[in-house]
Amino acid sequence: MEINHPETLTEVEAVFARYEAALIGNDVAVLDELFFAAPTTIRYGGAENLYGIDEIRAFRLARPGGGLQRKLERTVITTYGRDMAVASTLFRREAAPGKIGRQMQTWMRMPAGWRVVAAHVSVIDDPA
């Protein structure tokens, strides 16, 4: 298996950037598009455990659209073969001093393009 195949890595970096832009812009349509529309898709959040695309969609629609700006740190994207990738990043928000967020996403290449099949988001006290 090839790790970090250059073309595949470039593709995932681009879709990850698209996801980030949609997240901070609260573009729910793009966020919805980029998550695999299946009951097997899971998203663990800071205060919620979402099983299946229907729960994920409901969460996104109910979430406030403001205050989503954040600064990413130590983003690492690793591809495994040409159809799977994991994106990991830390993030900070001005509205949450002393805290650091952590995000991991498992991406899979689908017929319609790259989609998140599993995600985890959490916030902890900043160890620094």
Note to self: Of the residues Pro39, Pro64, only one is modelled with pLDDT under 95, surrounded by fewer than 15 Cβ atoms within 10 Å (Cβ to Cβ) and over 15 Å from Arg109 (Cβ atoms); which?
What the structure shows: Pro64
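Counting only residues that are aromatic (Phe, Trp, Tyr) and either within 20 Å of Tyr44 (Cβ to Cβ) or within 12 Å of the chain's Cα centre (by Cα) (or both), how many does the range 62-113 have? Even if it seems obvious, please write down each step before you answer.
Narrowing the range 62-113 to residues aromatic (Phe, Trp, Tyr): 80, 91, 107.
Going one step further and asking which of them are either within 20 Å of Tyr44 (Cβ to Cβ) or within 12 Å of the chain's Cα centre (by Cα) (or both), we end up with 91, 107.
The total comes to 2.
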Check: Inside the range 114-128, can you point out the residues that are surrounded by fewer than 13 Cβ atoms within 10 Å (Cβ to Cβ) and either modelled with pLDDT of 95 or more or part of a strand (DSSP E or B) (or both)?
Finding: Ile124, Asp125
Next item on the list: Would you check which residues across the range 11-36 are crowded, with 17+ Cβ neighbours inside 10 Å, within 10 Å of Arg60 (Cβ to Cβ) and either in contact with a Phe, Trp or Tyr (Cβ under 8 Å, 6 or more places away or on another chain) or polar (S, T, N, Q) (or both) and list them?
Entry: Leu31
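The values are calculated or read from the model by the stated rules, or taken from the named source; none is laboratory data. Predicted, not measured: the structure shown is a model, and the values here were computed from it. For neighbour counting, all protein chains shown are included, and Cβ atoms are generated from backbone atoms with ideal geometry for every residue, glycine included.
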